[in-house]
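Rule-based calculations on the coordinates, nothing more; no lab input. Owing to the predicted nature of the structure, the values given are computational and were not obtained by experimental measurement. We place every Cβ from the backbone using ideal geometry, glycine too, and count neighbours over all the protein chains shown.
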């Protein structure tokens, strides 16, 4: 997996880990968002039940990650000014090849989406320089700065250093892609944004995690959010914990990091998240601070803020603190959080009415 989004000199880390919506030189058997089962290979050969199930899993995960990426985009870009030390120059896209996936999922990535040896664009951050330059899902990455990009099993782990070297000296990335068998040259400008990875947690527990550098929303939490505004509430307050350095303050960073690493796997060890998973419950004052900041993050990204308290009331009722390894168990101070949200909503409204900057 590649960190194309966080431009570090060496290996650039994973920004959105389980997004897989690319197509390759062969047409994918199923477009992103389709619910039709994959039943045959690109050559028309019937699939085994195991391979069909693996391809189906990848496609469902692609749709979920795509939603996460889309909802997160304005939160990351529009709040760069508040991220201070966490803001980064991002390219705004992710890419993988079939070797980004282990075991049966390697072949399934090829079968379902045509992934092969080249790195292919699997996500484009809406509003980013990559999006404005015209980069699309499914584009094959051919060269950068006129030099061929790596292919094969090592490509996901080595391409970051190529991009990092180019970006350290240039405000744009000269990129050659292959689209539908034709080469195209693009110039990808950097985008200033909050440099947090947005991860899909491959688990049904209803939770979200922040480890200081990443934001993870589990499959269970994603399904709980009925609308993009509700998903944005979850992302914004998890993002706020990172911005306020709460994982570090709680000395939870290493534990949360291991939980996120585990849940990004295709086959996570669910025993690792039994009980509390070793995560300390967030103190009331820190949770209230995160909720206050989250309301401002939402408003600056043009998401609705009025429904946030009602969402969290409904959530706490459906998933109380007694639910092991659930969100409310890690964030039990619901009453204090609701008060902080309501005060922040009034503050945002007052600032908008007086045309003041939306700064907490």
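By counting other Cβ atoms within 10 Å of each Cβ, how are 218, 328, 94 ranked from fewest to most?
The fewest-first ordering by Cβ neighbours comes to 328, 218, 94.
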Response to the item:
Taking N as the residue count of the chain, its alpha carbon Rg divided by 2.2 N^0.38 Å gives 0.99
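Going by how many other beta carbons lie within 10 Å of each one, how would you line up 304, 128, fewest first? Can you show the working numbers first?
Values: 304 14, 128 24.
The order, fewest Cβ neighbours first, is 304, 128.
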Worksheet, complete the sentence: residue 226 and residue 306 label points (each 7 Å along its Cα→Cβ direction) are spaced in nm at 1.6
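Could you calculate the FRET efficiency of residue 170 with residue 272 from 1/(1 + (r/R0)^6), where r is the beta carbon distance between them and R0 is 35 Å, rounded to 0.05? Could you put the intermediate results ahead of the total?
Details: r = 42 Å, r/R0 = 1.19.
Taking R0 as 35 Å, the efficiency between residue 170 and residue 272 is 0.25.
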Practice prompt. Take residue 257, project a point 7 Å from its Cα along the Cβ direction, then tell me which residues of segment 180-201 have their backbone nitrogen under 20 Å from it.
Written response: 195-201
Worksheet item: Hey, can you rank 141-152, 107-118 by average C-beta count inside 10 Å, highest first?
Response: 107-118, 141-152
Discussion item. Run the numbers for residue 143 and residue 185: contour at 0.36 nm per residue of separation, minus the present Cα-Cα distance, in nm.
Written reply: 14.2 nm
Worksheet item: On full extension of the chain, what length is gained from residue 342 through residue 324, given 0.36 nm per residue of separation minus the C-alpha to C-alpha distance?
Response: 3.7 nm
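Within a 10 angstrom radius of the beta carbon, how do 93, 327, 315 rank from fewest other beta carbons to most? Display every interim value, and only then the final one.
Working: 93 29, 327 26, 315 22.
Sorted ascending by nearby Cβ count, the order is 315, 327, 93.
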Fill in: Three-way shape label, segment 49-192, alpha-carbon gyration tensor, a/c 1.5
oblate
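Given a Förster radius of 22 Å and the C-beta distance between residue 355 and residue 244 as r, what FRET efficiency does 1/(1 + (r/R0)^6) yield to the nearest 0.05? Don't skip to the answer; put the middle values down first.
On the way: r = 27 Å, r/R0 = 1.22.
E between residue 355 and residue 244, to the nearest 0.05, is 0.25.
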Worksheet item: If one takes the longest principal axis of the Cα atoms in the chain, at what angle in degrees, from 0 to 90 and to the nearest 10, does the Cα axis of helix 104-113 lie?
Response: 80
Discussion item. Report the Cα centroid-to-centroid distance between segment 183-207 and segment 84-134 in angstrom, as an integer.
Written reply: 9
Item to complete: Give the shape of segment 156-212 as rounded, prolate or oblate, defined through the alpha-carbon gyration tensor: a ≥ b ≥ c are the square roots of its eigenvalues, a/c under 1.5 means rounded, and otherwise the shape is prolate if a/b is larger than b/c and oblate if not.
Response: prolate
Worksheet entry | Rounded tilt (10° steps) of 334-353 against the dominant C-alpha axis of the chain | 80
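Multiplying the sequence separation of residue 136 and residue 85 by 0.36 nm and subtracting their Cα-Cα distance, what value in nm do you get? Intermediate results must be reported in sequence, preceding the final value.
Details: separation 51, 0.36 × 51 = 18.36 nm, distance 2.98 nm.
So the chain would gain 15.4 nm between residue 136 and residue 85.
Based on the Cβ-Cβ distance of residue 284 and residue 60, what FRET efficiency does E = 1/(1 + (r/R0)^6) give at R0 = 56 Å, to the nearest 0.05? Provide the component values of the computation, followed by the final result.
Values: r = 37 Å, r/R0 = 0.66.
Efficiency, from the Cβ-Cβ distance: 0.90.
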Worksheet item: Using Cα atoms only, what is the angle between the long axis of helix 253-263 and the major principal axis of the chain, expressed in degrees (0 to 90) to the nearest 10?
Response: 50
Fill in: Max mean-square fluctuation residue, GNM over the chain, Cα-Cα springs under 10 Å, options 70, 237, 226
226
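Per DSSP H run of at least 4 residues, take -39500 (n - 2.57); add these up for the chain, divide by its residues and hand me the 222 nm value, nearest 500 deg cm²/dmol.
Details: 13 runs with 151 residues, N = 360.
Result for the chain: -13000 deg cm²/dmol, rounded to the nearest 500.
State whether segment 285-353 is rounded, prolate or oblate according to the following rule on the C-alpha gyration tensor (a ≥ b ≥ c being the square roots of its eigenvalues): a/c under 1.5 gives rounded; otherwise a/b larger than b/c gives prolate, and the remaining case gives oblate. Write out the running numbers ahead of the final one.
Details: a/c = 2.45, a/b = 2.08, b/c = 1.18.
Verdict is prolate for segment 285-353.
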